[in-house]
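One structure is given below, encoded as structure tokens.
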Amino acid sequence: MEFNLDRDLVFFDVEATGLNVIRDRIVQIAAIRYFKDGRAPQELEMLINPGIPIGWEALQVHGITPKDLANKPTFAQVADRLWQFFDRADLAGYNCARFDVPILMEEFARVGYDFDIDNRRIIDVQRIFYRMEPRTLRAALKFYCDKEMENAHDALADVRATVEVFKGQLKRYEGVDHIDADGHVTPNPVRNDMQALHEFTQDKRTVDVTNRLKYNEKGQIVFNFGKYIGRPVAEVLHKDKQYYHWILSKDFSVQVKRIVKKLVREHEQQLKEKKGGRV
């Protein structure tokens, strides 16, 4: 099956030193770029020296040791090549929205690249799978493709398996409606349309990929953590400048920091305009 693309689409997967997208580092990345013009897909795979220790639990998962990475390049040394590979493409992967995308954004930010996702569509194959058939990647490959998973947690093997699962999903759910817990029907959401798949796999309540901010029932952006949980971000940070500067100085993602800056700036501009209108 050929993908119906109006933009290039990059499937990718990373292995890392741990699960903290802010503090941990990438040790392996693999990606496959599909071109809208129908050219043959291009693959990329590389090991990366993270410059920090690998967590024990992460080591047990992917088996990549410090010895394996001793003579490998740092992220800074491969950043330009990765930037060009991902250039202007939509993104896809397995659980990519909660882990692979944010950790890649942070790695790029550390070396001066603004990997902005505002104009990229994100298709999380895991979310299609979990919403339609809640299981694991290994089970997904068996369920959709009748294949056994080999070399699990090797990044390129995982990417290839994810591509196969995605193709299987497009075939299996062609013409199938989704009915959620409240009985709401979404007609034929899993189809060969990247915009439709992006919309189907997104959590519309979430503002940022690390889930620190969310929309409330009024459509306001509110905190999803800490002492101000549930309170409007712009209003709170305009009044509590100490908390605002604390967020900017601590281990929050570059996306969160960019959003709070924008919200505070817009809120203060609105206050100035209101004040000017009363004069």
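The condition (being more than 25 Å from Arg135 (Cβ to Cβ) and not assigned by TED's automatic domain parsing to the domain that holds Val190) is satisfied by just one residue among Asn49, Asn71, Asn4, Asn119: Asn4. Kindly establish whether Asp90 is charged (D, E, K, R), surrounded by 17 or more Cβ atoms within 10 Å (Cβ to Cβ), touching a residue at least 12 places away in the same chain (Cβ under 8 Å) and within 19 Å of Leu197 (Cα to Cα). Yes. Name, by its number, the condition in (1) more than 24 Å from Val256 (Cα to Cα); (2) in a loop (DSSP other than H, G, I, E, B) that does not hold for Val165. (2) is the only condition that Val165 fails.
Considering only residues that are surrounded by 15 or more Cβ atoms within 10 Å (Cβ to Cβ) and more than 30 Å from Ser249 (Cβ to Cβ), which ones fall in region 13-40? Answer for region 13-40, where residues must be surrounded by 15 or more Cβ atoms within 10 Å (Cβ to Cβ) and more than 30 Å from Ser249 (Cβ to Cβ): Asp13, Gln28, Ala30, Ala31, Ile32, Arg33, Tyr34, Phe35, Lys36.
Table: residues versus (1) buried (at least 19 other Cβ atoms within 10 Å of the Cβ); (2) within 17 Å of Phe12 (Cα to Cα).
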{"residue": "Arg110", "(1), (2)": "no, no"}
{"residue": "Tyr130", "(1), (2)": "no, no"}
{"residue": "Ala155", "(1), (2)": "yes, yes"}
{"residue": "Gln169", "(1), (2)": "yes, no"}
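Of the residues making up region 26-45, those that are under 20 Å from the mean Cα position of the chain (by Cα), farther than 17 Å from Ile103 by Cβ and small (Gly, Ala, Ser) number 0.
Restricting attention to region 62-78 and to residues that are under 21 Å from Leu104 (Cβ atoms) and of a type in the set (S, T, N, Q), the residue that is surrounded by the most Cβ atoms within 10 Å (Cβ to Cβ) turns out to be Thr74. Taken over region 131-156, the criterion of being under 22 Å from His62 (Cβ atoms) and either under 12 Å from the mean Cα position of the chain (by Cα) or part of a helix (DSSP H, G or I) (or both) is satisfied by Leu137, Arg138, Ala139, Ala140, Leu141, Lys142, Ala155, Leu156. Within region 82-127, the set of residues being at positive phi and over 9 Å from the mean Cα position of the chain (by Cα) comprises Arg88, Gly112. Screening Ala181 with (1) without any contact (Cβ under 8 Å) to a residue 24 or more places away in the chain; (2) part of a loop (DSSP other than H, G, I, E, B); (3) within 25 Å of Met1 (Cβ to Cβ) gives one miss only, at (3). Of the residues Glu107, Glu43, Glu57, the single one that is out of contact with any Ser or Thr (no Cβ under 8 Å at 6 or more places or on another chain) and not in a helix (DSSP H, G or I) is Glu43. Within region 57-80, residues that are at pLDDT below 95 sit with their Cβ atoms under 7 Å from residues that are of a type in the set (A, V, I, L, M) and surrounded by 14 or more Cβ atoms within 10 Å (Cβ to Cβ), at 6+ positions apart or across chains, in these pairs: Ala58/Ala16.
The values are calculated or read from the model by the stated rules, or taken from the named source; none is laboratory data. What you see is a predicted model, and the numbers here were worked out from it, not measured in a lab. Cβ coordinates were reconstructed from backbone atoms using ideal geometry, including for glycine residues, and neighbour counts include every protein chain displayed.
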